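Heads up: the structure comes next, in structure tokens.
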Amino acid sequence: MSVANEVAAHLPYLRRFARAVTGSQKSGDAYVASTLEAIVADPDIFPDDLPPRVALYHTFLKILNSVSLNDRPGGKSGGPALDAADRHLDVLTPRARQAFLLVAVEDFPAGDAAAVMDVSPVELQNLIDQAGREIAQEMATTVVIIEDEPLIAMELEQLVSDLGHRVVQVARTRQQAIAAIDKHKPGLVLADIQLADGSSGLDAINDVLKTYEVAVVFITAYPHRLLTGTRPEPTFLITKPFQADNVKAIISQALFFDTKARLAPAAS
């Protein structure tokens, strides 16, 4: 199969990525065009030991990072999440921005994102962590944690604090959660599903969302209760047991894209 055929299906997504990292669709498209022209002129720059999509993004970033980038805002990104993110892109340094967008927008697994950027997995994680700190510095907010296990709640509170946010209350039951959110009007809620008294963090969020919009990250050992295949489903979901880096990344995504929760399906 020719290189042209291998990359054709990935070009719309590369244009989206290019628009996000350069700051405008015009600039992004120019760099995409330059990438394709370079591949045609010298096919050897397209690494044949990588999957086509990884190789395409790798070649794009190699060309992009070899020249001085003049970010200019302009145009829409093509979706409400990226449109919201446009307000925050400038807070990220270029390489941290690239790493964050590869994982958060383009859904590359960490190993593939590292290959795209030609860095080690550790270096990639350092860039993503840097993005998280830069996002938090710009968008530090208050957080309510809905979690009935004290040790898990303490760990989440430490992770949130490490990112520069402030936990205003930890709630252990549905009623405590509703009261805490009503009182503090937080910018973010981390919500467990099954709580100590048999109540549901999901039901608490459903109650809150009737009158107040807030970004929500669900953290649960029961993802099947949320990922039912019906709509709406939560945008941000972490499965227990969780990794600290994953929690930090998801929190950063929730705030970066500034997407509010919608009514979630009732737990069965």
Based on the mean of other Cβ atoms within 10 Å per residue, sort peptides 121-128, 37-44, 214-221 so the most packed one is first.
214-221, 121-128, 37-44
Here the alpha-carbon Rg of region 140-257 over 2.2 N^0.38 Å rounds to 0.95
Could you give the size of the charge dipole of region 3-68 about its Cα centre, using +1 on the Cβ of each K and R and -1 on the Cβ of each D and E, expressed in debye and rounded to the nearest 20?
460
Any idea what the dipole of region 140-257 comes to, in debye rounded to 20, about its Cα centre with Lys/Arg Cβ at +1 and Asp/Glu Cβ at -1?
260
So how do LEU255, LEU11, LEU209 line up by other beta-carbon neighbours within 10 Å, fewest first?
LEU11, LEU209, LEU255
Among residues other than VAL247 whose Cβ falls under 11 Å from its Cβ, what is the net charge (Lys/Arg +1, Asp/Glu -1)?
-1
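Every number in this text was worked out from the coordinates using simple rules, so none of it is lab data. This is a predicted model, so every value here is computed, not measured. Cβ: placed from backbone, ideal geometry, glycine included. Neighbour counts: every protein chain shown.
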